[in-house]
Amino acid sequence: MTDTQVGETAATAEDLVSDARDLGVTQASTRMIKDWVEHRLLAPPAFRKSTQRGSDARVFPPEQRRLFHEIVKAKQRSPLTRVPHHTVVPMNLHIWLAYDTVITDEQARRALRTYARSAGARNEARRRSTARQVIDQFAHPEASRAQRSMVEALLIDGETTKRPRWDLLKSAMRDLAAPWRADGLPRLDERVIGLPEIPMTFEAAVGMWMLRLEVTRSLTAESVSPKVLRDARAEFRVGWARYQDDRAQLQGRAGASAGMFALPEETEAQAREHVDAFTATLGCTSGLAEPIFAEVRAALRRR
């Protein structure tokens, strides 16, 4: 059968093993299928009773069978010899964000927890990488290495302790954005990236950084209700579709900030971008964003 024909029929665990072997996964087994169910990469198979004295093997609906194929292919595209489950979770979430009938809400909730745990397990190298991304966006071309290092250390400390030192960070970022203290040079709150109608200031970047940390903690604790997840998804779909329609035009107008709007080349990178963008909407829908941005505004505007 073709992929399309396979995706139209239900399947037992043994059928999925056969599918995997047809796709080139020679080590596939029913234990592998059970493991994927336990980690909610797949929804549990449905009970099926066809006789009075017994029942047939449980079956996965066609949507889960198609999902199984997509996960197998995503793992095969990975450069890793051994692909951890959490690395393919964004693909599941990407599908859940786009379609209602493939990924169940419970699958998505568990997948978001796995995704958040992976994002929250940040070591020193990942914290440094995040800090440098912020710095590269807002640093003046002639900012010194010492100025960059100061901001990097403060951002890493803020993420580690969850208590940013706002007074030092504000001053350090101002030095980074305007290395000279002379009249006429831009102040921190005037230095933005992006486009005039959708500017990204340092204040907004820090607020978004803190919001993602808080959303990660909430998803890890599974404290976000299914209703909030569904409401956030509905709102996000509208905004994301509009952004995709305008993306090429925005990139063409953004000049030096064009990279902000560039579409990732790889499928997995596109899925990660999709899921990462959703966390911001989720933060707003769940009521986390407003107090966080208020705190950032008050701290960075305090004289």
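The values are calculated or read from the model by the stated rules, or taken from the named source; none is laboratory data. Treat the numbers as computed from the prediction; the structure is a model and nothing was measured. All Cβ positions, glycine included, derive from the backbone under ideal geometry; neighbour counts span all protein chains shown. Ligands, DNA and RNA are excluded from the accessible area calculation, which covers all protein heavy atoms including side chains. Shrake-Rupley method; radii C 1.70, N 1.55, O 1.52, S 1.80 Å.
Find the helices (runs of 4 or more DSSP H) located wholly in region 70-180 whose residues include 2 or more that are out of contact with any Gly (no Cβ under 6 Å at 6 or more places or on another chain), farther than 30 Å from P44 by Cβ and open to solvent by 60 Å² or more (accessible area, probe 1.4 Å), and list them.
Result: 124-138, 145-161, 166-177.
Condition check ((1) hydrophobic (A, V, I, L, M, F, W, C); (2) under 30 Å from E159 (Cα atoms); (3) touching a strand residue (DSSP E or B) at 6+ places or on another chain (Cβ under 8 Å); (4) modelled with pLDDT of 90 or more) across all residues:
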| residue | (1), (2), (3), (4) |
| --- | --- |
| V83 | yes, yes, no, no |
| P90 | no, yes, no, no |
| D100 | no, no, no, no |
| I103 | yes, no, no, no |
| A111 | yes, yes, no, no |
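If R272 satisfies all but one of (1) open to solvent by 60 Å² or more (accessible area, probe 1.4 Å); (2) closer than 17 Å to A119 by Cβ; (3) modelled with pLDDT of 90 or more, what's the number of the condition it fails?
(3)
I need a count of the residues in region 253-263 that are exposed (fewer than 15 other Cβ atoms within 10 Å of the Cβ) and either in contact with a Gly (Cβ under 9 Å, 6 or more places away or on another chain) or among the acidic types (D, E) (or both).
Of the residues in region 253-263, 1 are exposed (fewer than 15 other Cβ atoms within 10 Å of the Cβ) and either in contact with a Gly (Cβ under 9 Å, 6 or more places away or on another chain) or among the acidic types (D, E) (or both).
Of the numbered conditions (1) under 18 Å from M200 (Cα atoms); (2) not in a helix (DSSP H, G or I), G287 satisfies every one except a single condition; which is it?
The number of the failed condition is (1).
Hey, among L282, L250, L300, which residue is open to solvent by less than 40 Å² (accessible area, probe 1.4 Å), in contact (Cβ under 8 Å) with a residue 24 or more places away in the chain and under 26 Å from R174 (Cβ atoms)?
Result: L300 is the single residue among L282, L250, L300 that is open to solvent by less than 40 Å² (accessible area, probe 1.4 Å), in contact (Cβ under 8 Å) with a residue 24 or more places away in the chain and under 26 Å from R174 (Cβ atoms).
Taking region 261-298, which residues are hydrophobic (A, V, I, L, M, F, W, C) and out of contact with any Leu (no Cβ under 8 Å at 6 or more places or on another chain)?
A262, L263, A269, A277, C284, A294, V296, A298
Are any residues in region 55-73 among the aliphatic types (A, V, I, L, M) and farther than 17 Å from R21 by Cβ, and if so, which ones?
Once the filter is applied, which keeps residues that are among the aliphatic types (A, V, I, L, M) and farther than 17 Å from R21 by Cβ, region 55-73 yields A57, V59, L67.
Taking the condition of a type outside the set (S, T, N, Q) and exposed (fewer than 11 other Cβ atoms within 10 Å of the Cβ), does G287 pass?
For G287, the condition - of a type outside the set (S, T, N, Q) and exposed (fewer than 11 other Cβ atoms within 10 Å of the Cβ) - is met.
On the given criteria, is V224 outside any helix (DSSP H, G or I), open to solvent by less than 60 Å² (accessible area, probe 1.4 Å) and touching a Ser or Thr at 6+ places or on another chain (Cβ under 6 Å)?
When the stated conditions are applied, V224 passes them.
Going through A280, A204, A232 one at a time, which residue ends up being over 26 Å from T114 (Cβ atoms), of a type in the set (A, V, I, L, M, F, W, C) and assigned to a helix (DSSP H, G or I)?
Checking each option against the conditions leaves just A204.
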